[in-house]
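Down below is the structure, laid out as structure tokens.
The values are calculated or read from the model by the stated rules, or taken from the named source; none is laboratory data. Keep in mind the model is a prediction, meaning the values are calculated, not measured. Quick reminder, even Gly has a Cβ in these numbers, built from the backbone with ideal geometry, and neighbours come from all protein chains shown.
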Amino acid sequence: MSSESNIAFIGGGNMARSLIGGLIARGTTAADIRVSEPVEALRDALARDFGVNVGSENPIAARGAGLWLLAVKPQVMRAVCEALAPLAQAERPLVVSIAAGITAAQLQRWLGGGVAVVRAMPNTPALLGAGVTGLFGSAEVDANGRERATNLLASAGKTVWIDDETRMDAVTAVSGSGPAYIFLLAEAMEAAALAEGLPAEAARTLVLETVLGAARMLTESGEPPDELRRRVTSPGGTTQAAIETFETGGLRTLVAAAIRNATERGQQLSAAND
């Protein structure tokens, strides 16, 4: 039988690395973590930096582990799960997947059925311990399973449970892909600052610290975004001129369309890998 204290990472890329680092920082012992990763350089880095057990064979890493974290690309998830299905049926671990667009039902089917599955969608700030993860659990995931999954993903930031799995593609569109939207805005602001004649170093510092400061105000003030926006938008001032330009250009409609398209892409990934 598997041990709840043992965690197997199937895949040792950037997101897995961030979770492993977070677990170690929060007190999980390296001996309780096993990683299966085909790339030797990644295996060596994980062993060197965290002292965890590494290898290239998925069943060896997974055997005896009470929690499996599947961190492989959606395109290979089916093959990985089907190869692990006999072990999943024998040991009944809690299986957590961070693959975009792969449903809990697909994971269960590929693993042979009846396995407790949690579908998770973290985002890249998890690499800094500042991420957020949306979580959905199949009917087999009990309170203990939810707590274990929460503790695992909380090592990379905040967690939010979603009761309706059909909304997980929206989670991916809003937060999974969301950092790229902020990066794009910062990129555009920096380019505009340069066009206005600001020196490159000054433009970059001004943009980055503005984004950071605004994010802190959003998370620490407790005020909704619209209220914070109103407070810095004086009638007839410079901020109002900029905001009116955004509104006239259809920013809200464009953001809604972008998130809708990202949501639909997640649904297409699920269908393509079924």
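Just a few scattered comments:
- Filter pass, GLU247 being in a helix (DSSP H, G or I) and not assigned by TED's automatic domain parsing to the domain that holds VAL80: yes
- So ARG109, is it surrounded by fewer than 22 Cβ atoms within 10 Å (Cβ to Cβ) and either on the phi > 0 side of the Ramachandran plot or not assigned by TED's automatic domain parsing to the domain that holds ASN58 (or both): no
- Here PRO122 passes the criteria (1) out of contact with any helix residue (DSSP H, G or I) (no Cβ under 7 Å at 6 or more places or on another chain); (2) assigned by TED's automatic domain parsing to the domain that holds GLY11 except the one numbered (1).
- Any hit, region 176-192, residues being exposed (fewer than 11 other Cβ atoms within 10 Å of the Cβ), without any contact (Cβ under 8 Å) to a residue 12 or more places away in the chain and in a helix (DSSP H, G or I): no
Condition check ((1) more than 11 Å from the chain's Cα centre (by Cα); (2) at positive phi; (3) at pLDDT 95 or above; (4) outside the structural domain of LEU23 (by TED's automatic domain parsing)) across all residues:
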| residue | (1), (2), (3), (4) |
| --- | --- |
| THR133 | no, no, yes, no |
| ALA143 | yes, no, yes, no |
| THR150 | yes, no, yes, no |
| SER155 | yes, no, no, no |
| GLU187 | yes, no, yes, yes |
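- Of the set (1) modelled with pLDDT of 95 or more; (2) under 16 Å from LEU152 (Cβ atoms); (3) assigned to a helix (DSSP H, G or I); (4) aliphatic (A, V, I, L, M), all apply to LEU19 but (1).
- Selection status of ARG119, of a type outside the set (A, V, I, L, M, F, W, C) and either farther than 21 Å from THR172 by Cβ or surrounded by fewer than 23 Cβ atoms within 10 Å (Cβ to Cβ) (or both): no
- Residue check for LEU218: surrounded by 10 or more Cβ atoms within 10 Å (Cβ to Cβ) and in a helix (DSSP H, G or I): yes
- Candidates LEU269, LEU254, LEU206: the one that is surrounded by 12 or more Cβ atoms within 10 Å (Cβ to Cβ), in a helix (DSSP H, G or I) and at pLDDT 95 or above is LEU206.
- Of VAL96, VAL117, all but one fail to be in contact (Cβ under 8 Å) with a residue 12 or more places away in the chain and under 14 Å from the mean Cα position of the chain (by Cα); the exception is VAL96.
- Residue pairs meeting the criteria (Cβ under 7 Å; at least 6 apart or on separate chains; first closer than 15 Å to SER18 by Cβ, in region 136-157; second assigned to a loop (DSSP other than H, G, I, E, B)): LEU153/PRO122; SER155/ARG26; ALA156/PRO122; ALA156/GLY129; GLY157/GLY129; GLY157/ALA130
- Annotation note: Cβ proximity below 6 Å between a residue of region 11-25 that is under 20 Å from PRO59 (Cα atoms) and a residue that is among the charged types (D, E, K, R) and modelled with pLDDT of 95 or more (sequence gap 6+ or interchain) occurs for GLY12/GLU37.
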